[in-house]
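In what follows, a structure is listed as structure tokens, so that the remarks can point back to it.
The values are calculated or read from the model by the stated rules, or taken from the named source; none is laboratory data. All of these numbers come straight from a predicted model, not from anything done at the bench. Reconstructed Cβ throughout: ideal geometry from the backbone, glycine too, with neighbour counts over all protein chains shown. The accessibility values were calculated without ligands, DNA or RNA, using every heavy atom of the protein model including side chains. Shrake-Rupley method; radii C 1.70, N 1.55, O 1.52, S 1.80 Å.
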Amino acid sequence: MGARELAWGILAWPAVGVLALLRTAGSWDVSGGAAAGVLAGTAAAFAVAGALLWLPSSLWLDRRTRRFPHIGQAAGFLGLGLVIGAAVSTALVLASGNATWPSSAGLITEYAVTAGIASLLGWLLASTLRAKKLPIVQTATDRVNR
């Protein structure tokens, strides 16, 4: 797959991040505006992680796993998301400076699983678009050649 096809997978990242956060929304004790801000911030953070971390590494992983069966590729993309989620959330926990490790380990695990699911769904979205041969994004080169 190319960068244009895999770029569509970035759309899965904010959606999965917000859905994972909505699981706990019933226990929030904040105003509606603050809750909307938390959800918007989560969506933005996951979109940035998808664009800056997942897209380049997914291009690399796709090139390395082209000869693998689809289940192997799916496992690779799930693992990629797990690594990205665990690395980013661990860095944020360490940067906070006041984390307690039992609760932080649960938070790191939760975000690693969320990123793993986002990575897998992003790959599935890109693979589906590629299999359907849908017009993804027309580039200037495509317009000149037609």
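Just a few scattered comments:
- Output for segment 67-78, where each listed residue is under 20 Å from Ala112 (Cβ atoms) and small (Gly, Ala, Ser): Ala74, Ala75, Gly76
- Candidate set: segment 1-36, residues that are open to solvent by less than 60 Å² (accessible area, probe 1.4 Å) and assigned to a loop (DSSP other than H, G, I, E, B); chosen: the one nearest to Gly85 (Cα to Cα): Thr24
- When segment 106-145 is limited to residues that are over 30 Å from Leu92 (Cβ atoms) and aliphatic (A, V, I, L, M), the one that is modelled with the highest pLDDT turns out to be Leu129.
- Failed item in (1) closer than 30 Å to Gly2 by Cβ; (2) open to solvent by less than 60 Å² (accessible area, probe 1.4 Å); (3) not in a helix (DSSP H, G or I), with Ala74 passing the rest: (3)
For (1) without any contact (Cβ under 8 Å) to a residue 40 or more places away in the chain; (2) surrounded by 13 or more Cβ atoms within 10 Å (Cβ to Cβ); (3) touching a Leu at 6+ places or on another chain (Cβ under 9 Å); (4) more than 19 Å from Ser119 (Cα to Cα), each residue gets a yes or a no:
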{"residue": "Val38", "(1), (2), (3), (4)": "yes, yes, yes, yes"}
{"residue": "Val48", "(1), (2), (3), (4)": "yes, yes, no, no"}
{"residue": "Ser57", "(1), (2), (3), (4)": "yes, yes, yes, no"}
{"residue": "Thr65", "(1), (2), (3), (4)": "yes, yes, no, no"}
{"residue": "Leu80", "(1), (2), (3), (4)": "yes, yes, yes, no"}
{"residue": "Ala87", "(1), (2), (3), (4)": "yes, yes, yes, no"}
{"residue": "Ala95", "(1), (2), (3), (4)": "yes, no, no, yes"}
